[in-house]
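See below for the structure under consideration.
Read-outs throughout are calculated quantities, based only on the coordinates presented, and are distinct from any laboratory measurement. Quantities reported herein were computed from a predicted structural model and do not represent experimental measurements. Glycine gets a Cβ as well: all are built from the backbone with ideal geometry, and neighbour counts include every protein chain shown.
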Amino acid sequence: MENNNRGNGFLKFLFGMFFGVLAGYLVGILTADRTGAQLRRDIEMGSSDFFANMRDKLEDLKDQATVKIKDLKDFADEKLRRSAENIQEQVHSLGNQLEELTKRQKAGTANKN
């Protein structure tokens, strides 16, 4: 008996949905203030405008991304340049220290002889 009530409830739901959709469709058709051809033309123009707008937005986004990438590249280049300069200074300093130690070693060896 319970399955029968569920089946009846489901059928009532389907009938109610069908008649609701049918009533909505009829109200829409009866209250439309334009012909089918006009409606199709409006949809076509609206979709053209939508795609043109999306194309413009994508181009703007591409331009913004290009600027951000260039800024990031410039930032990375500057960091790399500074790092290279720092390494060169350290190498030069180590070279001077090595030269100083070599001179001290030679001076120490000369004093012993």
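Positive end of the dipole of the chain (Cβ unit charges, origin at the Cα centre): among S93, Y25, M45, the Cα lying farthest that way belongs to S93. Magnitude of the charge dipole for the range 32-112, about its Cα centre and with charges confined to Cβ atoms of Lys, Arg (+1) and Asp, Glu (-1), is about 680 debye.
Between the listed residues A76, M54, T109, the Cα displaced farthest toward the positive end of the dipole of the chain, a dipole computed from Cβ unit charges relative to the Cα centre, is found at T109.
The string of couplings for the range 83-93 from the Karplus curve (6.51, -1.76, 1.60, θ = phi - 60°) is 5, 4, 5, 4, 5, 4, 5, 5, 4, 4, 5 Hz, one whole number per residue in order, with x for Gly and Pro. Rg and Dmax over the alpha-carbon atoms of the range 29-113 stand at 36.0, 120 Å. On C-alpha positions alone, give me the angle between the axis of helix 2-31 and the longest principal axis of the chain, in degrees, nearest 10. Once rounded, the angle reads 90 degrees.
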